[in-house]
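Peer 1: The structure is given below, and queries will be raised subsequently.
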Amino acid sequence: MDFNITAEEEALVFHVASLLQSGLSPTDDDLVEELGDEVRPLLQSLVDKGWLVIDKERELTLSVIARAAVSSRKDVEGP
C-alpha cells in the first residue's frame, strides 16, 4: 500500500467513505457521473495504491487500511 496520496485523492477517499456510511454502494461510473471524468484517473490511482477496492459488481469500497485511516482522521478532526 502506498501511503502517499494527493489532497485530491484524500478528498475522494473521504467522499467515498461518506457515501458508504450513508448506505450507498458507489461504482466508478456513479462517481464519474457525480464528479466528472477528471475523477477517473484519481480512482485508478487510489485502486493502484491500495486505498480503494473494486468488487465484481464494480462497486467501490475502502481497503481495510483506508478504513482505519479514515476512522483515525475523523477521531482527530471531530464530528
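The values are calculated or read from the model by the stated rules, or taken from the named source; none is laboratory data. The structure presented is a predicted model; accordingly, all values stated were derived computationally and were not measured. Here Cβ is always computed from backbone atoms with ideal geometry, including for glycine, and neighbour counts include all displayed protein chains.
Peer 1: Is one or more of the residues making up the range 55-63 buried (at least 16 other Cβ atoms within 10 Å of the Cβ) and in contact with a Pro (Cβ under 6 Å, 6 or more places away or on another chain)?
Peer 2: Yes, some residue in the range 55-63 is buried (at least 16 other Cβ atoms within 10 Å of the Cβ) and in contact with a Pro (Cβ under 6 Å, 6 or more places away or on another chain).
Peer 1: Regarding Val70, is this residue of a type in the set (Val, Ile, Thr), at pLDDT 95 or above and either surrounded by 14 or more Cβ atoms within 10 Å (Cβ to Cβ) or not in a loop (DSSP other than H, G, I, E, B) (or both)?
Peer 2: Values: of a type in the set (Val, Ile, Thr): yes; at pLDDT 95 or above: no; either surrounded by 14 or more Cβ atoms within 10 Å (Cβ to Cβ) or not in a loop (DSSP other than H, G, I, E, B) (or both): yes.
When the stated conditions are applied, Val70 does not pass them.
Peer 1: Which residue pairs have Cβ atoms closer than 8 Å, lie 6 or more positions apart in sequence or on different chains, and pair a first residue in the range 38-60 that is without any contact (Cβ under 8 Å) to a residue 12 or more places away in the chain and closer than 16 Å to Ala17 by Cβ with a second residue that is crowded, with 17+ Cβ neighbours inside 10 Å and small (Gly, Ala, Ser)?
Peer 2: Val53/Ser63
Peer 1: If a residue must be surrounded by 14 or more Cβ atoms within 10 Å (Cβ to Cβ), of a type outside the set (Val, Ile, Thr), in a loop (DSSP other than H, G, I, E, B) and at negative phi, how many such residues does the range 1-51 contain?
Peer 2: 2
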